[in-house]
Amino acid sequence: MSDGVITFNSSDLHEKGDGLRFAMPALGPHATGFLLRFEGKPYAYVNRCAHVPVELDWEHGKFFNMTQEWIICATHGAMYAPQTGHCVVGPCQGKRLSPIPVSESEGVVTVHLDQF
Ligand code: FES
């Protein structure tokens, strides 16, 4: 499944801030992924709850819960660890989000859809 790579400016990815969404056409015409920064590091996942295949964000780019410690699914409130994508609370407990390899260097964050 190869979509190449997508790059973002590091300065656009804010600590525990809004996620940056991107298209994942290899997964379907409306499929998206998202990129977050948590404790300094970038993480990317497929934007799809592990419980029911719906997008997670309650508003475009809003992935963090109120305390900004967990990724939350807007539909039924499942919470995921930002570093691993594992579901810690909710109907998907024990499952995880699908991670996408990410790297960051010299002010550029690269999402490696080609390695997904
Ligand atoms: S659809 Fe995400 S928790 Fe149910």
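The values are calculated or read from the model by the stated rules, or taken from the named source; none is laboratory data. Please read these numbers as outputs of a predicted model, since none were measured by experiment. When we count neighbours, we look across all protein chains shown, and the Cβ atoms used for this are built from the backbone with ideal geometry, even at glycine. We work out accessible area using only protein heavy atoms, side chains counted, and drop any ligands, DNA or RNA first. Shrake-Rupley method; radii C 1.70, N 1.55, O 1.52, S 1.80 Å.
When the Debye formula is applied to the Cα atoms of the range 34-98, each taken as the same point scatterer, what base-10 log of I(q)/I(0) results at q = 0.25, 0.27 Å⁻¹? Here the Debye-derived log intensity ratios amount to -1.08, -1.28. Beta bridges from DSSP with both residues in the chain: antiparallel share about 95 percent, rounded to the nearest 5.
Counting only heavy atoms of the protein chains, get the accessible area per residue of the range 5-115 (1.4 Å probe) and round it to a whole Å² value.
Per residue, the range 5-115 has 51 Å² of solvent-accessible surface.
Net charge dipole, the chain: roughly 380 debye, given to the nearest 20, about the Cα centre with Cβ charges of +1 for Lys and Arg and -1 for Asp and Glu. The calculated pair-distance distribution of the chain uses every alpha carbon pair, bins of 5 angstrom beginning at 0, and gives 2, 13, 25, 25, 20, 11, 3, 0 percent. Modelled spin labels at residue 93 and residue 10, positioned 7 Å past Cα toward Cβ, are 3.9 nm from each other.
Of the residues 40, 52, 73, the one whose Cα sits farthest towards the positive end of the charge dipole of the range 1-93 is 52 (charges of +1 on Lys and Arg Cβ, -1 on Asp and Glu Cβ, taken about the Cα centre).
The longest stretch of the chain left intact once loop-based GluC sites (Glu not before Pro) with at most 12 other Cβ atoms within 10 Å are removed from consideration, loops following DSSP, is 60-105.
Test of the criteria: in the range 1-84, which chymotrypsin sites (Phe, Trp or Tyr not before Pro) are in a DSSP loop and have at most 16 other Cβ atoms within 10 angstrom of their Cβ? Listed in order of number, the matching sites are 58.
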